[in-house]
Every structure is written in C-alpha cells, then in structure tokens.
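Readers should treat all values here as calculations from the given coordinates under stated rules, not as data from a laboratory. These numbers come from a predicted model, not from an experiment. Positions of Cβ are backbone-derived with ideal geometry, glycine not excepted, and every protein chain shown enters the neighbour counts.
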Protein chains: 2
Amino acid sequence: MRLTRAGEYAVRCVMCLARNGSAGNVVRKHDVAAYGNIPPHFLAKIAQQLSRAGIIEILQGARGGYRLAVPPEKLTLLEVIEAIIGEIFLNDCVVRPESCRASSACAVNNVWLQARDQLRQTLAQVTFAKLLEEESCCILQSSPLQDKAENTL
Amino acid sequence: MRLTRAGEYAVRCVMCLARNGSAGNVVRKHDVAAYGNIPPHFLAKIAQQLSRAGIIEILQGARGGYRLAVPPEKLTLLEVIEAIIGEIFLNDCVVRPESCRASSACAVNNVWLQARDQLRQTLAQVTFAKLLEEESCCILQSSPLQDKAENTL
DNA sequence: TTATATAAGACAAATAACATCTTAATTGTT
DNA sequence: AACAATTAAGATGTTATTTGTCTTATATAA
C-alpha cells in the first residue's frame, strides 16, 4: 500500500464537502480544487472514482459540482482511500499468491496479513465526522471558500 | 509505504542466510539468488544495502558470499525492510510536512501517524528466529541448496 | 440559445521500480 | 606470481505507475 497523492486529494476533497456541503449544498469543483490545492483536472478523475464508489454525487451543468452522498458519520477514511487506490495491501504475496511459491504456508506472509488487517481496521475506525470535530485536513485553518464564494463577476 | 520487490528479496535473502548460514558459514550469492528466486545482479545491490546496515557480512573473493552479522533472535522484519526501503511511512505529509499546509494540527495526519507506528511495531516484534520456527519464507518447503551445494565441477 | 459546469478518455511527463551489463577489486589455489 | 572464482560498484536500460494536462462531448440553469 501507499497513500498516493490521488488518495490524499480524495481525502481533502471529502473533507471539503463534509465541511461546506454537508447540509446537502453543492460545492463547485473549482472551489474544491482551490480548497484542497488539487489540480482541477486531476480532481475530476478522483471525483469520478468517488462517485462510482457511491461516496459523493456529481451534479453536471451550470451550478453543478459535488456533494457528499453519505453522512460524514458513516464515512470512514478506509472507504475513501480504498475507493481510490483499491483494497489496501502491503505486499504482493498477500494479494497475488502466484507471485511467490509456498504462498499460504509462509510465516512472513502471515505477518503481512496481520499487519494489513490492523491497518485497515485503524482506518475503518475513523469517520469524517470525527475528523471534522478535530478540524483541518492538511489545509488552512481559516474558513474556506470565503473570498471566492458565490460571486465571481 | 509498500513492500517493494527489493524488500521482499531482502527478507528472502536473510531467511536463506538464517537457515543455511546461521552457524556462521558463508552462503554464496549465487545460491542465495537461486534459493530466493532473486535476479543475481539485483541481489548484489540488496546485499550491499543489508551490509551497510550491518545486517549481513559480505565476503569477497573465491569462496566468498554472504553471512548474517546478527543472530536471528536479534534481527527483526522491520530492520531488514527499513534497511532497504527506508523508514516506513504511509503518506508524504507525515515525513515531509512541507508537502502540505497545516501539517501538525491536521486530524488526518494524526491517524496516519498512529497507523504507521502500529505497523512498525508489529514488524518490530517479529524476529527471524521466530520466522524460522514457523518455517518457509515464500520458498519451497524442501531443503534448500541440496543439489547445488559444495561441489561444482 | 447561451453560458457555466462537469464527463470521459486520450495523451504527455515525471518518477519509481526492476533488472542487466560492464569494469573493477578481492581472495583462495596452484 | 598467475589464475580462477567470486563479489563490488555504478552506469545504463526497461517497464510500470503516478501525476498531470488537454480536447471534445454532454448536461443544466437561465
């Protein structure tokens, strides 16, 4: 495993929506990108993955944008991350037994399996509601969107 | 983080030495490579890293090869892996705070830190002595080296 | 119908992982 | 001393993955 930048962007994206759009209002892609310091076109792809995973909703057209499809209390870090990078694993052996002889009976492999389960559990215990309480996700403290909100031109 | 193939090879290499060379006898690079199914030239580089980390000793010249520099009871998975892939971390933020604003006060970051510590602890608890007891590291069950041992030519 | 948004996927660039090759250097053996 | 066996060191090449951008299409509100 490895939290790729895409995974990190996804977390920021969801944090942004949880904060600004939790009441069901839509946040424009552009604003999410600015908030999370995410290249806009890259965000588009990430959003699509999150949408396919049922985590966010994408609204097209004028006044379109993104919004959470799941309440923050029910959304965990693990879900968001695995939506982007696939199911977490630490080494090949665990996921592709062909890649190594002895596969199952391997003592080392067992350690990896255990470590991986533990990691996934840890991430599954953290909801975005919890994160919101503790505030700020790799992001400026000050209230977001405030100067680019609503009115451009 | 992610256990790269190099990391996996390193583990196999050490397992091979722990099994065959634990009494202090030297195992030839060629044999380690065959045992662990490791491309020989690649093994050379991995061995050099293990050697620099003080985990194995490299003996040059005719009848040269590798041997463990540390008793298997004192050698952990974590040490071997980090000798190859560097200190384990799960995301950039944790290691390079510049890579993201808000750094320290970040709730998400704290989760990563915790998960990472846990992972490292798990790996630090597993010694190669323990692994040896449980036998076989991604490797054939049958006794190793037996047909290529000692006498070529 | 037009302006504002995002979708979708092709494309390009950067990085990292994996592997090999070549030219030394080292050591035991004769 | 010379030779054979063996690894060192590092340059180089290949492939895969990640990250990012661009273009063309599509959807929606006004």
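How do A:108, A:70 rank when sorted from fewest to most other Cβ atoms within 10 Å of their own Cβ? Kindly include the intermediate steps, with their values, before the conclusion.
Working: A:108 25, A:70 18.
Arranged by neighbour count, lowest to highest, A:108, A:70 become A:70, A:108.
The modelled label-to-label distance between residue A:42 and residue A:124, using points 7 Å beyond Cα along the C-beta direction, is 3.0 nm. Between the stretch A:106-125 and the stretch B:1-75, the C-alpha centres lie 26 angstrom from each other. Could you list the residues of the stretch A:39-80 with an amide nitrogen less than 16 Å from a label point located 7 Å from the Cα of residue A:87 in the Cα-to-C-beta direction? Within reach of a label on residue A:87: A:78-80.
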